[in-house]
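Take a look at the structure set out below.
The values are calculated or read from the model by the stated rules, or taken from the named source; none is laboratory data. Worth saying up front: this structure is predicted, and the values here are computed from it rather than measured. Using ideal geometry, Cβ is built from the backbone for each residue, glycine included, and neighbour counts are taken over all protein chains shown.
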Amino acid sequence: MEFISIKQLQSLSKKISKKVKVGDSIYLYGEIGAGKTTFSRFLIQSLQQKFKAKKEEVVSPTYNIVQYYNINKTINNYMKLKNRIAIITGGGKGIGAEICLRLASEGAKIVIAEMDIENGEKISKKIQDNNGEAIVVETNVAEEDSANNMADAAIKKFGKIDILINNAGIRHINNILDHTKQQWDDMISVNLTGPYLCCKSVIPHMIKNGKGKIINFGSIASFMGRPDRVAYVAAKSGILGLTRALAVDLTGKNINVNTICPGLISTPFNQKFAEDPTNGEAWGKETIVGRWGLPSDISGAAVFLSSDDADFINGSEIKIDGGWLAAKTRKGEISN
């Protein structure tokens, strides 16, 4: 795996600055991850030196430019997931949408497996508008034929499958005495059977490809009981077992299977809790970090587990919960 160094960023900024004339402007587009701010700083410094100008003059309208420089052309080889094919279930909104966009920014070609086609198409368009590749496949993860069609569509379009992220999920919240059999069946079928079916549909293609990354989605509910969530807790606890069993079954196949377990993340899934005037802010402050998580807090881990950097991680889980499970505290015990 190659990484762009500070010296390379400095060299690139000097090369670009040599092409700039007074009255020009530079438009940088594409993703360069954590180096983007550093690169911008180096470029401004190079322009300051060239024109013997102050920073505010360099970035002022005096230097309105006509030529465009696509940074992707230069840093394309440093993308962690360049030309990898990634299926993300439930990729039309929330955490799933953020993962689609983040993986695409790292060079992956995206298959958005989604029941909500309209939202899926919105994310696909965002990716395509940023010079990425994406398709939307209508998918009900709880149905075996639909899961198989998802895999077939990915193969038909891109020829292989490198990454599967089982993000799709549902949740009913009510007490056990009011919990219906249908609600139980729905949550088990989508949250536990769904990942099993999707894994089964893509694993033969990963074996043929010689490598694969599977990421299942658990929850803080994978580790503890939660009120009025009996089926959800059962399904998310089962995800940990599914992940570990799959990792063992795929020994020697060069396929890694791991779980991401989010805590309080501000998404449409949790919107009513995050915006609750009484408990919303207070719940966020119960974490060590002192806030609700964001979908962007999850997508970085998804990139990492999808990449070659995680080749020695298998059958494991990553908790992304602001430290909530590590140090459960009562109101007043910590200040943040």
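Here are the numbers for the structure shown:
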| read-out | value |
| --- | --- |
| Test: residue in region 192-209 that is touching a helix residue (DSSP H, G or I) at 6+ places or on another chain (Cβ under 8 Å), in contact (Cβ under 8 Å) with a residue 24 or more places away in the chain and farther than 30 Å from Gly159 by Cα | no |
| Residue check for Asn191: under 24 Å from Ile298 (Cα atoms) and outside any helix (DSSP H, G or I) | no |
| Test: Lys109 is modelled with pLDDT of 80 or more, within 22 Å of Gly132 (Cβ to Cβ) and either β-branched (Val, Ile, Thr) or surrounded by fewer than 17 Cβ atoms within 10 Å (Cβ to Cβ) (or both) | no |
| Residue among Ala168, Ala154, Ala134 that alone is in contact (Cβ under 8 Å) with a residue 60 or more places away in the chain and over 26 Å from Leu264 (Cα atoms) | Ala154 |
| Unique match (being surrounded by fewer than 23 Cβ atoms within 10 Å (Cβ to Cβ) and within 24 Å of Asn149 (Cα to Cα)) among Gly194, Gly210 | Gly210 |
| One residue from Gly92, Gly96 being within 17 Å of Ile163 (Cβ to Cβ), within 13 Å of the chain's Cα centre (by Cα) and of a type in the set (Gly, Ala, Ser) | Gly96 |
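The rows are residues; the columns are (1) in a loop (DSSP other than H, G, I, E, B); (2) over 17 Å from the mean Cα position of the chain (by Cα); (3) at pLDDT 95 or above.
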residue: Arg291; (1), (2), (3): yes, yes, no
residue: Ser299; (1), (2), (3): no, no, no
residue: Ala302; (1), (2), (3): no, no, yes
residue: Phe312; (1), (2), (3): yes, yes, yes
residue: Gly315; (1), (2), (3): yes, yes, yes
residue: Ala326; (1), (2), (3): yes, yes, no
residue: Gly332; (1), (2), (3): yes, yes, no
